[in-house]
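Engineer: Below you will find the structure I want to go over with you.
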Amino acid sequence: MSKINPLFVLAAVLFTVILLIPTMLVLPFMEGKTNGKLAEDIQQPASTPAAKGPSADSAVEVAVFRTAQSSLEKLPLDEYLIGVVAAEMPAEFELEALKAQALAARTYYVKQIMGGGGGKLPQGAQVTDSVAHQVFKNRDELKQLWGSAYSWKMEKITEAVRATDGQILTYEGAPIDATFFSTSNGFTENSEDYWPNAFPYLRSVESPWDVGTPKYTSQTAMPVSEFERKLGVKINGNGEIGKITERTAGNRVAKIEIGGKTLTGKVVREKLSLRSSDFNWSLKGSQVVIETKGFGHGIGMSQYGANGMAAEGKSYKEIVQHYYQGIEIASAEKALTKVMARK
C-alpha cells in the first residue's frame, strides 16, 4: 500500500476551501433576499420611530363661549387645552408643572360636561373663556400676545398637553374638582374653609415652594373712608383696626372682629379686592395699609408651588398627588365616550 503524498493532501484541502468560501459568503445574502428582511430594513430602518396617531383629546369637540365677541368657538379638546394652559400658566414654567396644569384643565372640562361644573351658559356652550370657568386664548390671540416667542412657547405647551393625553384626576372613580390658584402663603386651604363644601381631596397641605416667588407678598393702601364704606364698619379712634379671632388650617384669616362686627376672611378679601385672605393691616395717617401673603383662594394646586416642585425634579404625577390628596390619574375614555354619544 503506497503512502499518500502530504503535498497532495494539502493541495486538496486548499482546493476545497477555495470552492466553499464564495458559497459561504453568498448564502447569508441569499437567505436575506428570500425572506424579505433586507428589503424591509431598507424601507423602514429600526431607528425610525412609529408615527403618532391622533390623540384621544382630538376626537372630542369643545364649544367655548367667547365673552368678548359674544360668539361660540368650536375646536378639538387638545386645542382647547393648549389655549387654556397658555392662558392660565406662564410658558416659562417647568414642563412638568405645565403637564400638571394640563391635567387639571382636562379634568375641569370633563367634570363640567358631566354636569358637575355648575353655572348657566349661553345656548350651545360648554364653557366660557373667562375665570368663571377656565381662561382660554386661541392660536391667533396667542400669536399677538407672544410675538416672536410664539413658536417655542406653543411647542412647549403642546408637548405638555400631549404628554397627558386622555388623562384626568379622579377620586373614588369620579372626576374631581381640580381647582387651582396662583400662589399660596406656604399652605393650601381645606375647601370648606373658603367654600361651602368639604372635599376629601382638597385638604390643606404645605407648599413651601411659593415663598419668595413674585406673587408671594403684596401691599396696597386705601383711604380710611373707603375701607369703612366697603366693609360697612367704623374704625375706633384708639388706633386699633380689628382683631383676628380665628385662622384656618392654611393659616389664613377665618374670622375677624372689626367695628363691632365679625367678618370672615373671605368676605374681607372680596369686599376689599385683596389678593389673599391671609392679610394684615395697619393705620398710617388717613390710610389703611394692607399686606397680603399668597394670591388666590388657596384651594387645590398652587401654580407657583407646582413650578417649584418641578424645578426640584418632581414629576407632574407627584405634583398633582401632593396638591390633590388621595386621587388617582385615570383614563377619561369612559367620560369622553359619553360626551360623544350625546352628540
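Just so it is clear, none of the values below were taken in a lab; they were calculated from the coordinates. None of the values given here were measured: they were computed from a predicted structure. Methodologically, a virtual Cβ is constructed for each residue, glycine included, from the backbone with ideal geometry; neighbour enumeration extends over all protein chains shown.
Engineer: Given R₀ = 25 Å, FRET efficiency for GLU206-GLN287 by Cβ-Cβ distance, to 0.05?
Structural biologist: Values: r = 34 Å, r/R0 = 1.37.
E between GLU206 and GLN287, to the nearest 0.05, is 0.15.
Engineer: Please identify every one of the chymotrypsin sites (Phe, Trp or Tyr not before Pro) in the stretch 128-228 that sits in a loop by DSSP and has no more than 13 other beta carbons within 10 Å of its own beta carbon.
Structural biologist: Values: sites: PHE136, TRP146, TYR150, TRP152, TYR171, PHE180, PHE181, PHE187, TYR194, TYR201, TRP209, TYR216, PHE227; in loops: PHE136, TYR194, TYR201, TYR216.
For chymotrypsin sites (Phe, Trp or Tyr not before Pro) across the stretch 128-228 that sit outside H, G, I, E and B with at most 13 neighbouring Cβ atoms in 10 Å, the list is empty.
Engineer: While we're here: Roughly speaking, what is the centre-to-centre gap between the stretch 60-79 and the stretch 196-242 when only Cα atoms are used, to the nearest Å?
Structural biologist: 35
Engineer: Remind me, relative contact order of the stretch 267-334 in percent, using alpha carbon pairs under 8 angstrom and six or more residues apart? Each step should come with its number before you reach the end.
Structural biologist: Numbers: 51 pairs, mean separation 13.7, N = 68.
So the answer I get is 20 percent.
Engineer: If you don't mind, there's one more thing I want to ask. Going 7 Å from the Cα of SER273 in the Cα-to-Cβ direction, what parts of the stretch 207-226 have a backbone nitrogen less than 14 Å from that spot?
Structural biologist: Once the point is set 7 Å along Cα→Cβ of SER273, 220-223, 226 turn out to lie under 14 Å by backbone N, inside the stretch 207-226.
Engineer: Net charge around GLN134, counting only other residues with Cβ within less than 14 Å of its Cβ (Lys, Arg = +1; Asp, Glu = -1)?
Structural biologist: Working: positive: ARG66, ARG106, LYS111, LYS137; negative: GLU73, GLU79, GLU88, ASP129, ASP177.
Within the 14 Å Cβ shell, the charges total -1.
Engineer: Moving to a separate point now. Kindly provide the GluC sites (Glu not before Pro) of the stretch 108-215 that DSSP labels as loop, not H, G, I, E or B, and whose Cβ sees at most 11 other Cβ atoms within 10 Å.
Structural biologist: In loop regions of the stretch 108-215 (DSSP not H, G, I, E or B), the sparsely surrounded GluC sites (Glu not before Pro) are GLU172.
Engineer: Can you give me the distance in nm between label points at GLN69 and ALA249, each placed 7 Å from the Cα along the Cα-to-Cβ direction?
Structural biologist: The two pseudo-label positions are separated by 4.3 nm.
Engineer: Spelling out what I want: for every residue of the stretch 180-196, take phi, set θ = phi - 60°, compute 6.51 cos²θ - 1.76 cosθ + 1.60 (Karplus), and round to whole Hz; glycine and proline get x.
Structural biologist: 8, 7, 6, 9, 8, 9, x, 9, 9, 9, 5, 4, 6, 7, 10, 10, x
Engineer: When only Cα pairs under 8 Å and 6 or more residues apart are kept, what is the percent relative contact order across the stretch 217-293? Display every interim value, and only then the final one.
Structural biologist: On the way: 129 pairs, mean separation 27.5, N = 77.
Worked out over the stretch 217-293, it gives 36 percent.
Engineer: A further question follows. Step through the table entries LYS99/LYS120; LYS137/LYS317; LYS293/LYS317; LYS74/LYS99; LYS243/LYS284, compare each Cα-Cα distance with 19 Å, and write down the pairs that go over it.
Structural biologist: Details: LYS99/LYS120 29 Å; LYS137/LYS317 26 Å; LYS293/LYS317 27 Å; LYS74/LYS99 23 Å; LYS243/LYS284 17 Å.
From LYS99/LYS120; LYS137/LYS317; LYS293/LYS317; LYS74/LYS99; LYS243/LYS284, over 19 Å: LYS99/LYS120; LYS137/LYS317; LYS293/LYS317; LYS74/LYS99.
Engineer: Sticking with this one: Extending each Cα 7 Å along its Cβ direction at GLU318 and LYS261, get the distance between those two points in nm, one decimal.
Structural biologist: In this crude label model, GLU318 to LYS261 measures out at 4.6 nm.
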